[in-house]
Structures are given as structure tokens and as C-alpha cells.
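Working notes, structure below.
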Amino acid sequence: QGQDDSYIDAANDSIHVTMPYGTTDLSALIADFTISTAATAAVGVTAQVSGTTLNDWSTSPVVYDVTAEDGVTVRNWSVYVDVATSSEAEVLTYAIQGQDDSYIDAANDSIHVTMPYGTTDFSALIADFTISTAATAAVGVTAQVSGITPNDWSTSPVVYDVTAEDGITVRNWSVYVDVATGINNVINSTDVTVYPNPNNGKFNIALNLNVNTVNMKVVNMQGQVVANFNNIEANSTQSVELSNVAEGIYYIRISSENEAIIKKVNVIK
């Protein structure tokens with residue numbers, strides 16, 4: 001009961017059952033079964049009743065002795081119980097050593113990393129990461145070890161092939177590396193809120209500043225202005241729609257005569 005799957009191998013007097021992934025207690029499992037007309041079944045000295053009798057598969061197999069109606073013929077059926085392996089091939093955490101920031105976009109099997117402004121050598125970056133339990137990761141034919149294996153992002157992205165414990169399920173995670181713009185002082189002002197963040201290019205900027213008006217620019221990682229807003233009321237909410245930009249990290253530069261604030265926004269499509 002509660003199994004994932006089972007099959008009978010009559011040629012070898014065996015039955016093979018797979019319990020769901022994560023099953024840990026095999027000490028009191030109940031089987032539903034049918035046997036030949038008027039035959040009886042026992043495990044050791046315990047008579048077996050379909051849907052009722054408990055058995056302990058902590059040390060598989062359990063052997064059912066099935067006695068035919070004639071009382072003479074006996075077949076010993078070995079019942080093996082295994083637990084399904086995981087089909088999860090997730091990247092749970094990911095950071096390149098020395099990075100500024102990173103985020104995982106699981107919906108698109110991608111990871112985005114920002115290296116510090118001025119970074120020029122991408123030929124041997126090392127990532128610290130965790131993946132699903134018992135899964136493995138490789139880049140091409142090279143097995144990946146967290147904190148050890150270097151990879152070359154000179155031509156981004158690098159693709160991590162993560163194979164689940166089941167040995168069948170594979171997810172291909174593309175890791176993109178960009179360099180931060182030359183922004184030296186990022187002010188995390190609570191007087192400016194960006195929401196939702198991350199977003200799909202549509203977001204709001206709520207301003208609560210002690211000035212009359214401000215100018216706003218949205219800048220990409222290369223320092224290019226992708227949106228520009230002038231003379232915005234400093235106590236208002238501005239809706240922004242970046243429908244034609246690529247996903248990635250953008251900076252919102254908010255400036256007045258006396259104040260400059262920079263907020264970061266993640267666009268995921």
C-alpha cells in the first residue's frame with residue numbers, strides 16, 4: 001500500500017516493489033495480493049492476509065511461502081522493496097567567489113552573476129554551489145566540485161548539466177556572468193521602494209523624498225540608459241515598463257539637486 005510501482009518476476013519467484021522517494025520507514029508495510037485458488041501464504045510462521053498483515057522490509061527481501069491447495073507444493077516468493085531515487089536536478093544556491101551579487105531564475109534554468117566593476121579576467125572563476133541531494137553536476141565532460149572547479153566565462157554563459165539521483169533527469173543550467181557598472185556608492189534608501197522585484201520588466205517605483213521633483217534613469221549593466229524620466233514628483237509612484245529589454249540586472253538612478261540614490265532591479269523573463 002502506498003507504493004509507486006511493482007512487478008512480478010514469476011520466472012525467478014520474485015516480486016519487486018518501489019516505494020515513493022523519501023520513504024524511510026519500511027518496518028510495517030501492508031501488501032494487497034491475490035494468490036492461486038485455495039492456496040495459502042505465510043511469512044515464517046505468520047499467515048498472510050491481503051490488506052491486513054504487516055511485514056518488516058527493513059532488511060529486504062521478505063519471503064512469502066505460498067502453499068498450493070494440495071498441501072504439498074510450495075513456492076517461495078522473495079519480495080524486494082526499494083525506495084525510488086530522486087528526480088530533482090535543482091541548483092539550490094550559487095555564487096562565484098568574489099562576486100557582487102547573484103540570483104537563480106529556476107523558471108528559466110538560468111543563473112545570473114554580477115562581478116565587481118573592473119573585473120576583466122573571466123578565464124578561471126570558481127563557484128560555490130549546492131544542488132539537489134545525490135545529484136551531480138558537469139560542464140561538458142568535466143565534473144563540477146563546489147569551491148574547487150574553475151570555469152571560463154570569457155564567452156558567457158557556462159552551462160551546468162545537473163543530473164538527478166535517478167540518473168535519468170537532467171536540467172541544463174545556463175550561468176551568465178556580467179560586470180557591475182562603475183557605480184561606487186549604492187545608497188539603499190528606505191525612502192525609495194521598487195516593487196515587485198524581481199519582475200518581468202513591469203514594476204513600480206514608490207518615492208517618499210524630501211524634495212519637490214527628481215529625475216530617474218534606468219541603466220543596464222553596460223551603463224546604457226534604457227529608460228529616462230524627468231521632473232517626477234518626489235512623493236509619488238512611477239510605473240515603469242521595460243518591454244524591450246533583455247533579462248538581467250538594471251540600476252535605477254534617482255537624482256535631485258541635493259540627493260542621489262541608486263536602486264537595483266532584477267528583470268526576469
Could you calculate the contour length gain from Ser78 to Leu92, that is, 0.36 nm times the residue separation minus the distance between their Cα atoms, to one decimal place in nm? 1.1 nm
Just grab the label-to-label distance for Asp56 and Ala227, each label 7 Å out from Cα along the Cβ direction, in nm (one decimal). 6.5
How would you classify the stretch 6-55 from its alpha-carbon gyration tensor, with a ≥ b ≥ c the square roots of the eigenvalues: rounded for a/c under 1.5, else prolate if a/b is greater than b/c, otherwise oblate? oblate
Candidates Ser243, Ser36, Ser123: whichever shows maximal mean-square fluctuation once the chain is modelled as a Gaussian network with Cα springs under 10 Å: Ser36
Can you list residues whose amide H is under 5 Å from Val175's amide H, if they're 5+ apart or on another chain and H is modeled 1.01 Å from N? Ile111, Val158, Val159, Tyr160
With an 8 Å Cα cut-off and a minimum separation of 6 or more residues, compute the relative contact order for the chain in percent. 12
In nm, give the distance between the simple-model label positions of Val145 and Ala246, each being 7 Å from the Cα along the Cα-to-Cβ direction. 3.4
Ordered by number, the chymotrypsin sites (Phe, Trp or Tyr not before Pro) in the stretch 53-155 that occupy a DSSP loop and have at most 14 other Cβ atoms within 10 Å are Tyr117
May I ask you to derive the FRET efficiency for Thr37 and Thr133 from their Cβ-Cβ distance with R0 = 41 Å, giving the value to the nearest 0.05? 0.35
Any idea what Rg and Dmax come out to for the stretch 1-118 if you just take the C-alpha atoms, in Å? 24.2, 87
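Pulled fully out, how much extra length does the chain show between Asn12 and Gln238, if you take 0.36 nm times their separation in residues and subtract their Cα-Cα distance?
74.1 nm is the gain from fully extending Asn12 to Gln238.
Rule-based calculations on the coordinates, nothing more; no lab input. Model, not experiment: these values are computed from the prediction. Positions of Cβ are generated from backbone atoms using ideal geometry, with glycine treated the same way; all protein chains shown enter the neighbour counts.
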